[in-house]
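A.B. asks: I have a structure here, written as structure tokens, and I will follow up with some questions on it.
The values are calculated or read from the model by the stated rules, or taken from the named source; none is laboratory data. Keep in mind that what you see is a predicted model, and the values were worked out from it rather than measured. Neighbour counts run over all protein chains shown; Cβ positions are idealised from the backbone, glycine included. Side chains included, ligands, DNA and RNA excluded: accessible areas come from the protein's heavy atoms. Shrake-Rupley method; radii C 1.70, N 1.55, O 1.52, S 1.80 Å.
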Amino acid sequence: MALNSHIQKLCDDSLNELFSKENWEKIQRRKKNKDINEPLYSDLDARIAYIVHAITIRSGIILENLYFEAVKICCPNLEVWSEKKFKISRHAMMIASDQDNKKILDTECPYGEAVEIKKRAKTRQIDLITYDRKNKLICSYEIKRGGGHHDSEKQEKILENLYAVKILLKSYGQNRGLEIKEAKSYIISHMNSELFSPEYRFFQINGNEVDKHFGSNVIGSLTEGYDYFNNKFKTRFKALKKLAN
């Protein structure tokens with residue numbers, strides 16, 4: 001099967017930016033202007049170190065984009081979009097912080113206002129939102145690589161965000177003119193690491209459960225793009241390292 005041209009472009013554009021000599025020179029100029037010096041590295045060594053650091057973050061962003069595109073391609077029954085600034089209200093935050101309250105999942109709050117924290121509106125980026133028009137179901141998804149363990153403080157913060165979004169999601173959909181019977185929020189752990197203790201497992205979908213959840217070969221479509229990204233990265237990184245020899 002030929003790789004979807006849009007997915008290929010997403011991967012190519014990301015890698016072109018990462019390996020761009022012009023982009024690297026801009027970074028170096030900014031460091032020079034701030035009088036930041038790297039005495040241990042040659043310019044090429046510093047560039048390689050930067051790429052090694054940046055690729056983990058960049059591959060996570062690509063994974064988010066690939067999930068979005070794969071669900072869009074494989075699930076024609078769903079309307080699919082993302083939300084860069086999902087507003088979190090003060091009331092939703094207060095309720096979400098009380099995670100021992102068993103009624104919290106049945107709680108709904110009106111969407112539309114964002115609480116200000118340190119003079120900045122509290123918002124969340126939602127990687128993937130789906131709407132099933134037949135079943136009147138709206139779902140939000142946060143996508144994680146899921147390759148490691150989160151400590152209890154990090155788990156609590158992730159849960160608080162999930163609860164806050166869930167509490168507001170039905171109203172958010174209705175504000176978009178959608179008929180909503182039910183709203184659900186999830187986190188996808190692509191590499192299958194358990195992110196929460198068992199009592200909160202209902203929030204999590206592992207990578208090996210994604211196809212069953214969506215009822216389609218989402219992972220097959222996604223893997224095709226992710227393999228392309230990884231293989232292209234390895235080829236270009238190997239070529240760059242040869243210059244250091």
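A.B. asks: Given the convex hull of the Cα atoms of segment 115-245, what is a quarter of its surface area in nm²?
C.D. replies: Average of the hull's projected areas for segment 115-245 equals 12.1 nm².
A.B. asks: Counting each DSSP H run of 4 or more residues in the chain as -39500 (n - 2.57), what helix-only mean residue ellipticity at 222 nm follows after dividing by all residues, to the nearest 500 deg cm²/dmol?
C.D. replies: Result for the chain: -16500 deg cm²/dmol, rounded to the nearest 500.
A.B. asks: List the residues of segment 198-234 whose backbone N lies under 17 Å from a point placed 7 Å from the Cα of Gln99 along the Cα-to-Cβ direction.
C.D. replies: In segment 198-234, the label zone of Gln99 (backbone N under 17 Å from the point 7 Å along Cα→Cβ) covers 198-205.
A.B. asks: I need to check one value: relative contact order of the chain, counting alpha carbon pairs closer than 8 Å and at least 6 residues apart, in percent.
C.D. replies: Taking the mean separation of contacting Cα pairs over the length of the chain, I get 21 percent.
A.B. asks: Considering only DSSP beta bridges whose two residues both sit in the chain, what percent are antiparallel, to the nearest 5?
C.D. replies: Restricted to the chain, the bridges split so that about 55 percent are antiparallel.
A.B. asks: What net charge do the residues around Glu69 carry, taking every other residue with its C-beta under 11 Å from that of Glu69, with Lys and Arg at +1 and Asp and Glu at -1?
C.D. replies: Once positives and negatives cancel, what remains is 0.
A.B. asks: Still on this structure, I have one more. Using the alpha-carbon centroid of each, what span in Å lies between segment 175-230 and segment 43-59?
C.D. replies: Comparing the Cα centres of segment 175-230 and segment 43-59, I get a distance of 29 Å.
A.B. asks: Hey, what angle do you get for helix 21-33 against the long axis of the chain, alpha-carbon based, 0 to 90 degrees rounded to 10?
C.D. replies: Result, in degrees: 90.
A.B. asks: A follow-up question, please. Would you kindly state how much longer the chain becomes between Glu182 and Glu153 on full extension, computed as 0.36 nm times their sequence separation minus their alpha carbon distance, in nm to one decimal?
C.D. replies: Result for the pair: 7.5 nm of gain on full extension.
A.B. asks: Nearest 0.05, what FRET efficiency do Lys136 and Glu83 give at R0 = 22 Å with Cβ-Cβ as r?
C.D. replies: Plugging the Cβ-Cβ distance into 1/(1 + (r/R0)^6) gives 0.70.
A.B. asks: A further question follows. Quick one: of the DSSP bridges fully inside segment 123-222, what percent are antiparallel, nearest 5?
C.D. replies: Just about 30 percent of them are antiparallel.
A.B. asks: Next question, about the same structure. Where a Cα-Cα gap under 22 Å defines reach, which lysines qualify for Lys102, not counting those fewer than 8 residues away within the same chain?
C.D. replies: Lys154, Lys157, Lys166, Lys170, Lys181, Lys184
A.B. asks: Let me ask something additional. Could you provide, to the nearest whole Å², the per residue accessible area of segment 95-238 with probe 1.4 Å?
C.D. replies: 55 Å²
A.B. asks: Given the Cα-Cα distance of Leu44 and Ser5 and 0.36 nm per residue of separation, how much length would full extension add, in nm?
C.D. replies: 10.8 nm
A.B. asks: Next question, about the same structure. Excluding ligands and nucleic acids, what accessible area in Å² is computed for Val52 using a 1.4 Å probe, to the nearest 10?
C.D. replies: About 80 Å², ignoring ligands and nucleic acids.
A.B. asks: Additional query: Cα atoms only: what Rg and Dmax, in Å, come out for segment 117-181?
C.D. replies: Gyration radius and largest Cα-Cα distance of segment 117-181: 14.2, 42 Å.
A.B. asks: Continuing with this model, one more query. State the percentage of accessible surface on segment 158-245 attributable to carbon and sulfur atoms; use a 1.4 Å probe and exclude ligands, DNA and RNA.
C.D. replies: Of all accessible area on segment 158-245, carbon and sulfur atoms account for 48 percent.
A.B. asks: Please work out the Cα convex hull volume for segment 62-135 and give it in Å³ per residue.
C.D. replies: 136 Å³
A.B. asks: Using 0.36 nm per residue, how much length does the chain from Val52 to Asp12 gain when fully extended, once their Cα-Cα distance is taken away?
C.D. replies: 12.7 nm
A.B. asks: Based on C-alpha coordinates, I'd like the Rg and Dmax of the chain, in Å.
C.D. replies: Cα only, the chain: 20.7, 62 Å (Rg, Dmax).
A.B. asks: Looking only at Ser42, Ser59, Ser171, which one moves most when the chain is put into a Gaussian network model with springs between Cα atoms under 10 Å?
C.D. replies: Result for the chain, Cα springs under 10 Å: Ser42 fluctuates most.
A.B. asks: May I pose another question? By what distance, in whole Å, do the Cα atoms of segment 2-96 stretch along each of the three principal axes, largest value first?
C.D. replies: 54, 48, 17
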